[in-house]
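Report on the following structure.
Values quoted throughout were computed directly from the atomic coordinates according to the rules given, and no laboratory measurement underlies them. Predicted model, so just to flag it, every value in this text is computed and none were measured. As a convention, Cβ positions derive from the backbone with ideal geometry for all residues, glycine included, and neighbour counts pool all protein chains shown.
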Amino acid sequence: MDKPLEDALNLLLESERAGVAALEQLIKEVELEELRKFLSGSRDVERRNAEELEALIQSNGGTPSTRVGPFAGKVAALKTLRERLALLSRGQEWAARKTEVALALAPASGPIHDYLTAMANRHRAEVEWGRAEVLKLLGANG
Ligand SMILES: [Fe+2]
């Protein structure tokens, strides 16, 4: 695998790990059962993404990064739950864009192309659905 693609995939890997860390932290602070369930579901998806990206890099001749991105610290630095949730949603949008950047560097067909296409779609869907879901949950409970 060439270096620009390896770097782009490792950026995604580090970001998905950061997403797991950010969600873990948030889950501990959320009292609302439904919201906690929703965030736990997102955390599981992020964790699976990180595992799959690591395997994808490895099986295509790259070296997976062992680092975690800076996102969790940025989320933790915010004061209110609403602000943190809004940043999480923007994080999904960012990840979707970065996935599309990686996709442009990948071969036009094959396992990397297919994986990144699915991952970009998943993130786009999560942005839309997550926003609606979070607003509903927060709205219903003040
Ligand atoms: Fe993600």
At a 10 Å Cβ-Cβ cut-off, how would you order Thr117, Thr80, fewest neighbours first?
Thr80, Thr117
Fully extended, how many nm does the chain gain between Thr117 and Arg36 (0.36 nm per residue separation, minus their Cα-Cα distance)?
26.3 nm
So what is the relative contact order of region 3-140, in percent, for Cα pairs below 8 Å that sit 6 or more residues apart?
29 percent
For the Arg48, Glu24 Cβ pair and Förster radius 22 Å, calculated FRET efficiency rounded to 0.05 is 0.90
Among residues other than Gly139 whose Cβ falls under 15 Å from its Cβ, what is the net charge (Lys/Arg +1, Asp/Glu -1)?
+1
Can you tell me the FRET efficiency between Asp7 and Leu81 if r is taken as the Cβ-Cβ distance and R0 is 30 Å, rounded to the nearest 0.05?
0.35
Mean 1/r over all different Cα pairs, inverted: what Kirkwood radius does region 3-140 give, in Å?
15.3 Å
